[in-house]
Amino acid sequence: MIRFDKVSKTFRRQTVLDELSLDIAPDDRLALIGSNGAGKTTMIRCLLGEYVHQGVVTVDGKDSRKYRTEVLKHIGFVPQLPPPLKMPIHELFRFSAAVCGSEVGRMSELAARLGLDMDEVGSKPFVKLSGGQKQKILVAVALGRDTKLLILDEPTANLDPAARQILFSLLAERINQPIIISSHRLEEVAGLVNRVIELDRGRVVLDDRVADAIDPGSAQNCELGLGRAEPAFAAAIGEWGFSPSDDGLTWRGEVAGPDRLRFLGMLSRYAGILTAMHLSGGRLSAPRGGNGTEGEADAAPQD
Amino acid sequence: MKNLWHTARLDIAESLRARWFLVYSLVFGGIVASLFAFGLTESRVMGFTGLSRMLVTYIQLSMAILPVFVLITTVRSLAGDREAGVFEYMLSLPVGLAAWFWGRFMGRFIVVFLPVFIAMLLAVAYGAARGAEVPWTHFFLYTALLMSLSICFLGIGFLISGITRTTDIAQGAAFFIWLLLLMFLDLILLGIMIQEQAPPGLVVMVALLNPLQAFRAGAMMIFDPQLIMLGPSAYIILDAFGHYGYLAWSLFYPTVLGLALGSIGYHIFRRGDLP
């Protein structure tokens with residue numbers, strides 16, 4: 001579906017992409033990882049036909065620069081940094097829907113699903129929204145139309161756990177569609193992808209497959225036991241929407257499937273006070289191309 | 001074509017929200033109000049001459065204000081948008097580069113031309129309501145001249161925005177070009193002519209290639225057909241072009257120049273990195 005053939009991009013003698021060659025199949029859900037300056041954003045911009053470069057980038061056999069409009073009709077994109085658009089949200093939706101052949105209602109509905117009150121934010125300038133609200137609007141624009149490919153550049157960077165879970169559910173609805181997710185950290189996106197590409201100085205240094213048994217659209221119940229109550233832990237776990245028992249030694253809540261690695265990373269900071277942890281539930285992922293099974297699975301019981 | 005209009009509409013809405021547009025509209029509205037405040041008594045006495053004179057003053061003031069406003073605001077918003085990452089996002093949507101570039105050009109033309117035109121229209125309407133005879137020929141020619149001047153400086157602004165990557169450089173370049181064109185109005189040219197003993201025809205040609213001078217002399221010709229105010233240069237202009245020929249030159253040359261420079265800007269924009 002997507003082919004990078006010896007793609008190089010140089011900025012003032014600094015090579016950012018170095019003869020990058022890569023094939024992305026229609027059933028690939030790709031995590032693009034790498035440190036700052038590895039070339040992730042440049043690679044995405046080449047794919048979007050925004051940069052001139054050496055080599056060839058094609059989407060369904062069409063050069064992404066030469067056939068920009070045709071290629072972009074099928075790509076939903078969420079940038080890493082929200083642009084400082086001064087236009088109100090309803091105007092952004094109107095313009096995007098008009099040029100993408102979609103409907104404003106679809107985008108508004110998605111924004112509402114992501115937790116935005118459109119009556120409240122609809123007339124506000126985009127630039128005046130909080131980081132999380134901007135991210136949700138951009139996600140709504142990207143998902144609120146028919147696309148064949150989604151490109152998300154650090155999509156969860158500004159989202160709280162609840163919004164992340166909704167985003168994961170939305171992406172799970174498009175599980176049979178190729179996705180490219182760029183991130184600094186694999187644990188943020190591991191649950192959403194089946195292939196990992198790591199870039200370093202403009203070259204592919206890792207190309208691996210990922211298997212995750214948990215459906216990215218599902219959530220798991222989690223119960224945590226503590227040796228003693230700790231205010232720092234309470235603050236951290238509170239952000240994940242967990243509730244404490246009366247004595248503050250047991251916490252219960254839900255963790256979105258794709259958020260598990262990130263969640264475990266957070267928990268590792270409090271390993272010293274953690275006495276018990278139990279994760280349960282969560283639908284199993286369907287075989288590729290099928291629908292998810294409804295059976296439950298204990299992901300990692302650790303009593 | 002549909003996306004061209006969507007982009008134009010977006011640019012118009014964006015400009016209407018911007019502070020520069022408010023200031024710009026207030027400046028032209030203010031000019032008309034001031035001209036009436038200070039000149040209407042005379043207008044009442046002199047009838048046709050009064051309104052006609054007011055239009056002449058207005059057009060001369062427009063020549064001083066409109067180009068620099070158009071240049072600075074155009075390059076600021078275009079180069080600023082590119083620098084801030086607006087292009088990266090907006091151009092990831094399936095809108096063609098031609099529709100995006102020329103849509104913004106069209107939208108910007110509407111917002112820079114309309115306040116100037118509406119201010120002039122209101123002046124004429126108010127004058128007519130007070131009983132003054134309206135010089136319709138002058139009015140239409142001035143309107144066409146203002147359109148031509150707006151297109152010309154928009155073209156320069158879009159070219160600068162296509163070439164430069166940062167707002168600072170774009171603004172600096174825009175200001176420099178405006179100063180350069182201002183310098184080459186006839187006072188300095190006359191100085192050069194005297195000092196360097198250059199053939200007068202050459203000096204006048206250089207002057208007429210300056211769109212500001214083309215506009216200025218064209219505006220003068222509307223109320224002073226013999227260009228007496230221009231002095232000896234008038235002979236060369238009238239010999240070379242004739243009255244209607246020069247009017248056509250002052251209307252079409254800045255328009256064509258603006259569209260040509262805009263096209264070069266588009267070509268550069270299309271062939272380079274977009275964000």
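Of all residue pairs spaced 6 or more apart or on separate chains, those with beta-carbon atoms under 6 Å, a first member in the stretch A:221-241 that is assigned by TED's automatic domain parsing to the domain that holds residue A:272 and a second member that is surrounded by 14 or more Cβ atoms within 10 Å (Cβ to Cβ) and of a type in the set (Phe, Trp, Tyr) are A:224/A:251; A:233/A:270; A:237/A:251.
Pull up the stretch B:127-182, narrow it to residues that are hydroxyl-bearing (Ser, Thr, Tyr) and surrounded by fewer than 19 Cβ atoms within 10 Å (Cβ to Cβ), then point me to the one that is farthest from residue B:221 (Cα to Cα).
B:166
Per the listing B:121, B:93, the residue uniquely more than 16 Å from the chain's Cα centre (by Cα), modelled with pLDDT of 85 or more and outside any helix (DSSP H, G or I) is B:93. In the stretch B:126-158, the residue that is nearest to residue B:36 (Cα to Cα) out of those that are among the β-branched types (Val, Ile, Thr) and out of contact with any Pro (no Cβ under 9 Å at 6 or more places or on another chain) is B:134. If I filter the stretch B:224-262 down to residues being without any contact (Cβ under 8 Å) to a residue 24 or more places away in the chain and of a type in the set (Ser, Thr, Tyr), which single residue comes out as farthest from the other protein chains (Cβ to nearest Cβ)? Only one residue tops the list, namely B:235.
Would you be able to tell me the number of residues in the stretch A:4-31 that are over 13 Å from residue A:149 (Cβ atoms) and either not assigned by TED's automatic domain parsing to the domain that holds residue A:64 or not β-branched (Val, Ile, Thr) (or both)?
Here is the first cut: in the stretch A:4-31, the residues over 13 Å from residue A:149 (Cβ atoms) are A:4-23, A:31.
Filter once more, keeping what is either not assigned by TED's automatic domain parsing to the domain that holds residue A:64 or not β-branched (Val, Ile, Thr) (or both): A:4-6, A:8-9, A:11-14, A:17-23, A:31.
Residues meeting the conditions: 17.
Checked against the criterion of being more than 28 Å from residue A:38 (Cβ to Cβ) and either in contact with a helix residue (DSSP H, G or I) (Cβ under 9 Å, 6 or more places away or on another chain) or in the same structural domain as residue A:155 (by TED's automatic domain parsing) (or both), the stretch A:177-189 contains not a single residue that satisfies it.
Restricting A:109, A:70 to residues that are at negative phi, without any contact (Cβ under 8 Å) to a residue 40 or more places away in the chain, in contact with a strand residue (DSSP E or B) (Cβ under 7 Å, 6 or more places away or on another chain) and surrounded by fewer than 18 Cβ atoms within 10 Å (Cβ to Cβ) narrows the list to A:70.
From the list B:188, B:192, B:222, pick out the single residue that is within 18 Å of the chain's Cα centre (by Cα) and either on the phi > 0 side of the Ramachandran plot or not charged (D, E, K, R) (or both).
One residue alone meets the criteria, B:222.
Those residues that are away from chain B (no Cβ under 11 Å) and within 22 Å of residue A:72 (Cα to Cα), I need them from the stretch A:91-133; list them, please.
Hits for the stretch A:91-133 are A:93, A:103, A:104, A:105, A:106, A:107, A:108, A:110, A:111.
Return a yes/no flag: does the stretch B:95-105 have any residue that is surrounded by fewer than 19 Cβ atoms within 10 Å (Cβ to Cβ), in contact with a Lys or Arg (Cβ under 6 Å, 6 or more places away or on another chain) and either touching a residue at least 60 places away in the same chain (Cβ under 8 Å) or of a type in the set (A, V, I, L, M, F, W, C) (or both). Within the stretch B:95-105 (the criterion being surrounded by fewer than 19 Cβ atoms within 10 Å (Cβ to Cβ), in contact with a Lys or Arg (Cβ under 6 Å, 6 or more places away or on another chain) and either touching a residue at least 60 places away in the same chain (Cβ under 8 Å) or of a type in the set (A, V, I, L, M, F, W, C) (or both)), the answer is yes, since at least one residue qualifies.
The values are calculated or read from the model by the stated rules, or taken from the named source; none is laboratory data. Predicted model only: the values in this text are computed from it and were never measured. Cβ sites come from the backbone with ideal geometry, for glycine too, and all protein chains shown count toward neighbours.
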